[in-house]
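Okay, structure first, notes after.
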Amino acid sequence: MKQLIELISEEVKEAFNKAGYNPDYGKTNLSNRPDLCEFQCNGAMAAAKEYHKAPIAIAEDVVTQLEGNAMFSEVEAVKPGFLNFRIAEEFLGEYVGGMLKDERFGLEKTNKPLTIMIDYGGPNVAKPLHVGHLRSAVIGESVKRISRFMGHNVIGDVHLGDWGLQMGLIITELKLRKPELVYFDESYDGDYPDDAPFTLAELEEIYPTASGKSKEDEDYKEAALQATKELQAGRKGYRALLNHILTISVTDLKKNYEKLNVSFDLWKGESDAQEYIADMVQDMKDKGLAYESEGALVVDVKEDTDKKEVPPCMILKSDGASLYTTTDLATLVWRVNDYNPDRVIYVVDNRQEMHFVQVFRCAKKAGIVKEDTSLEFLGFGTMNGLDGKPFKTRDGGVMRLEYLLNDTNEKMYSKITDNNNMTDVEAKEVASIVSLAAIKYGDLSNQASKDYIFDIDKFTSSEGNTGPYILYTIVRIKSILNKYLEGLTIKSILNKYAKEPLYDLPDELHINAPDNESSKKLMLELVKFQNAILSAYDESAPHKICAFLYDVCNAFNHFYHETKILSCEDEDKKKGYIALLYLTKSVLECCIDLLGFYAPDKM
Ligand code: ARG
């Protein structure tokens, strides 16, 4: 389906044409003065220069051409030369009716499907998830869903941090505690045990302990660096330990991400890049790109147009160990081999921007990716506390994601139990659905690159631009639709729909022309669906969908307060309202799914 605004533009262009002017001047936009009109075209002003004519005369010529046109209820030429339009109710009703009949509400899939890899989540193995990882997971999941909805082939990869010093630290600490373990015996060449020599709880305690010790004890740190290097060089016992650490961590991570309604197609990590490093480095040397500098191996990536200094990209440390850049480059090697992506999008903290500038330039220079592969850094800002500083626990530590989720859940639970008569089980279930929406919407409604303040009171409020407000609106619609269906006496319908949720409505419903200002306003918001999704995709910007959702919810609630729906006596009118409600609900649900959350049946 074409966008409504395109249909309008085409019609106005045709009128310019018929009036003897270049049709390009007929491009029409949403009005920025909704009090005066719904759509406007400023083309007559520009045309005035070309045709040496007063703009108002041109605008009037166009108005003449549009007289009696069924698309508009009002066409007006306004001084100095604006064209103001109101859309005809019949036409709008029919257009919105077309959206109802299409499961994608008129938005066609792309005719050029791309392969898009999204690198998000990025948790570090054996370290608990902290709130910094929240943003990556929430934004990346939404960008993935939006791209997939557009019809692209999308692969989400968690890209575990499993190859750095933290691994060496864990190994060092473990060796100190349990030196007798077979993993440390270099002469051992049998199979290693299937079960890990530690539990998740131990693992979570070992890392911070080891990290603390390494800061105070030089020898300890040296041992950890050495262990890291040996692990990276392929020492068998250490690789076996790494596998245990991975298995335990990944099981736990999956549980955590599930709570966030986030999932990945690939659970690859930095360590999976290892096998590609040697050839990649050799190739960079052969091409004369990589050279030695102060013992380390580097590639120059600065460009003449740089405003900031871009330091050389370090490929290997002087001791031969690989770095964060090395694994990111070698990761691109397998990504290209296995998936040949057109775009790779990295959803990572803004503070890592320089790292990605270096990696992207180096990857292009070394021919790891083709010149036209789009490597994109989707950087996000910091989540701050009410004091405007990075979010911390009360005692000043890094806030763990789990705690944040629990706090929000509790807050939501007490709000729900305060003013509702649900069973405790229901209230808990609803609280967890709504708190997820509160957190995700609170994050996604901001432009990703900006910092934002995590304000639990604001985010969990059912008023204002919040997740709970959106859900509240959906629940309100569901409840009206349910009442409507319960009231229907036609047995066949009840029977037919009894097995499914009651609000799955019969096909014969259709949307009428809007019959009051608020239903028209609601329809005019709904028709912006296509534009919202398309711009969210083009700009990797889920906040565009949030803005659309908020406008639709406001328009719906206004309509709801102004209109007798279920008590409407005119049966045909009532059915039309019900169809409009059904469409509104479906559009809202589709959008929240693209943001990565969902609505309960009651609240
Ligand atoms: N593990 C990293 C961190 O916690 C994020 C990984 C981002 N992705 C990447 N390909 N480097 O900072």
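The values are calculated or read from the model by the stated rules, or taken from the named source; none is laboratory data. The shown structure was predicted, so the numbers you read here are calculated from the model rather than taken from an experiment. So basically every Cβ, Gly included, is an ideal-geometry build from the backbone, and we count neighbours across all protein chains shown. When the accessible area is computed, the model is the full protein with side chains, heavy atoms only, and any ligands, DNA or RNA have been set aside. Shrake-Rupley method; radii C 1.70, N 1.55, O 1.52, S 1.80 Å.
Quote the FRET efficiency, to the nearest 0.05, computed for E275 versus D457 with a Förster distance R0 of 45 Å and r equal to the Cβ-Cβ distance.
On the way: r = 50 Å, r/R0 = 1.11.
Using R0 = 45 Å, I get an efficiency of 0.35.
Residues of segment 108-262: accessible area per residue at 1.4 Å, in Å²? Write out the running numbers ahead of the final one.
Numbers: 6660 Å² over 155 residues.
Accessible area per residue: 43 Å².
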Mean separation of Cα contacts under 8 Å (at least 6 apart) over the residue count of the chain, i.e. the relative contact order in percent, is 14 percent
Sorting M603, L203, N340 by the position of each Cα along the dipole of the chain (Lys, Arg +1; Asp, Glu -1; all at Cβ), the one nearest the positive end of that ordering is M603
With a 1.4 Å probe and all protein chains left in place, how much of the accessible area of segment 251-405 comes from carbon and sulfur atoms, in whole percent? 47 percent
Report the relative contact order of segment 119-236, percent, no decimals, based on alpha-carbon pairs under 8 angstrom and at least 6 residues apart. 32 percent
Taking a crude spin-label model, label points 7 Å out from Cα along the C-beta direction, the S73 to E294 distance in nm is 7.2 nm
Spin-label zone in segment 450-481 - amide nitrogen under 13 Å from a point set 7 Å from the Cα of N384 along the C-beta vector: 450-455
Quick check on the chain: helices-only [θ] at 222 nm, where DSSP H runs of length 4 and up contribute -39,500 (n - 2.57) each and the sum goes over total residues. Nearest 500, please. -17000 deg cm²/dmol
Based on alpha-carbon centroids, what's the gap between segment 157-182 and segment 1-79 in Å, whole number please? 68 Å
Please give the length that would be gained between D572 and M422 if that part of the chain were fully extended, namely 0.36 nm times their separation in residues minus their C-alpha to C-alpha distance (nm, one decimal). 50.5 nm
Stick to Cα atoms and the Kirkwood definition of Rh, then tell me Rg/Rh for the chain. 1.05
Segment 296-356 - charge dipole about Cα centre, Lys and Arg +1 at Cβ, Asp and Glu -1, debye rounded to 20: 100 debye
In debye, nearest 20: dipole of segment 329-377 around its Cα centre with unit charges on the Cβ of K, R (+) and D, E (-)? 160 debye
Leaving ligands, DNA and RNA out of it, work out the accessible area of R400 with a 1.4 Å probe and give it in Å² to the nearest 10. 50 Å²
With all protein chains present, calculate the accessible area of K428 using a 1.4 Å probe and round the result to the nearest 10 Å². 110 Å²
Could you tell me the accessible area of K2 in Å² (1.4 Å probe, neighbours in place), rounded to the nearest ten? 100 Å²
Between N22 and Y51, the two model label points (7 Å from Cα along the beta-carbon direction) sit apart by a distance in nm of 1.3 nm
In whole Å, how far is the Cα centre of segment 191-214 from that of segment 412-490? 39 Å
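May I ask you to derive the FRET efficiency for K370 and E303 from their Cβ-Cβ distance with R0 = 22 Å, giving the value to the nearest 0.05?
Numbers: r = 19 Å, r/R0 = 0.86.
That gives a FRET efficiency of 0.70.
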Please give, to one decimal in nm, the separation of the simple spin-label points placed at K101 and L488, each 7 Å out from Cα toward the Cβ. 1.9 nm
In whole percent, and with a 1.4 Å probe on the protein chains, what portion of the accessible area of segment 79-236 is carbon and sulfur? 51 percent
Along the dipole axis of the chain (charges at Cβ: +1 for Lys and Arg, -1 for Asp and Glu; origin at the Cα centre), the most positive-end residue among C568, L375, S461 is C568
So, over other residues within a Cβ distance under 12 Å of I453, counting Lys, Arg +1 and Asp, Glu -1, the net charge is -2
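At 1.4 Å probe radius, can you tell me the per residue accessible area of segment 331-446 in Å²? Mind showing how you got there, number by number?
Numbers: 5450 Å² over 116 residues.
Result: 47 Å² of accessible area for each residue.
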Leaving ligands, DNA and RNA out of it, report the carbon-plus-sulfur percent of the accessible area of segment 505-603 at a 1.4 Å probe. 45 percent
For the chain, cysteines with no other Cys Cβ under 4.7 Å from their own Cβ are listed as C37, C41, C546, C553, C568, C590, C591
Lys/Arg Cβ at +1, Asp/Glu Cβ at -1, dipole of the chain taken about the Cα centre: which of V138, L588, H52 is farthest positive-ward? H52
Mean Cβ-within-10 Å packing, highest first, puts peptides 368-377, 146-155 in the order 146-155, 368-377
What is the magnitude of the charge dipole of the chain about its Cα centre, with +1 placed on the Cβ of each Lys and Arg, -1 on the Cβ of each Asp and Glu, and no other charges, expressed in debye to the nearest 20? 740 debye
